[in-house]
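S.K.: So that we are looking at the same thing, I have put the structure below in structure tokens.
The values are calculated or read from the model by the stated rules, or taken from the named source; none is laboratory data. Since this is a predicted model, take the numbers as computed values, not measurements. Here the Cβ positions follow ideal geometry from the backbone for every residue, glycine too, while neighbour counts run over all protein chains shown.
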Amino acid sequence: MNFQDIKFNKTQMPKGIQAMLNFGDYELSIVKSDFSYGGKSGLYEIAVFNGKAHPVVMPGITEQDDTVKGFLSESDVEGIIKKMHLASGADPEQI
């Protein structure tokens, strides 16, 4: 999946955009808003959740001691989608 294939939804609180991708047992949230890490600079923040909507740390994808990773370019987000595909063994599906 390329970044251009992602369909973002507008969010109201905080005002911005978000997309959710399913990778089998995991979900990837991609956010850009004035309150996300890097959002004011036009960059994205990601978070990974398990099937029970609990945030999880995924080595190589999120920060080592955090469940989110911010200040990501579109290219960075594409790289994370590829890593999620390899780590989960599942193709990304838009939620």
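S.K.: Among the residues in region 59-74, are any out of contact with any Ser or Thr (no Cβ under 8 Å at 6 or more places or on another chain), part of a loop (DSSP other than H, G, I, E, B) and at pLDDT 95 or above?
M.R.: yes
S.K.: Of the conditions (1) in contact with a strand residue (DSSP E or B) (Cβ under 8 Å, 6 or more places away or on another chain); (2) surrounded by fewer than 17 Cβ atoms within 10 Å (Cβ to Cβ), LEU43 fails just one. Which one is it?
M.R.: Checking LEU43 against (1) in contact with a strand residue (DSSP E or B) (Cβ under 8 Å, 6 or more places away or on another chain); (2) surrounded by fewer than 17 Cβ atoms within 10 Å (Cβ to Cβ), the one that fails is (2).
S.K.: Does ILE81 fit the bill of being at pLDDT 95 or above and out of contact with any helix residue (DSSP H, G or I) (no Cβ under 6 Å at 6 or more places or on another chain)?
M.R.: When the stated conditions are applied, ILE81 passes them.
S.K.: Here's something else I'd like to know. Looking at (1) at pLDDT 95 or above; (2) surrounded by 13 or more Cβ atoms within 10 Å (Cβ to Cβ); (3) part of a loop (DSSP other than H, G, I, E, B), which is the one condition that is false for LYS7?
M.R.: (2)
S.K.: Looking only at region 26-34, decide whether some residue is more than 11 Å from the chain's Cα centre (by Cα) and part of a loop (DSSP other than H, G, I, E, B).
M.R.: Within region 26-34 (the criterion being more than 11 Å from the chain's Cα centre (by Cα) and part of a loop (DSSP other than H, G, I, E, B)), the answer is yes, since at least one residue qualifies.
S.K.: Taking only region 57-73 into account, find how many residues are in contact (Cβ under 8 Å) with a residue 24 or more places away in the chain and surrounded by 15 or more Cβ atoms within 10 Å (Cβ to Cβ).
M.R.: Number of matching residues: 6.
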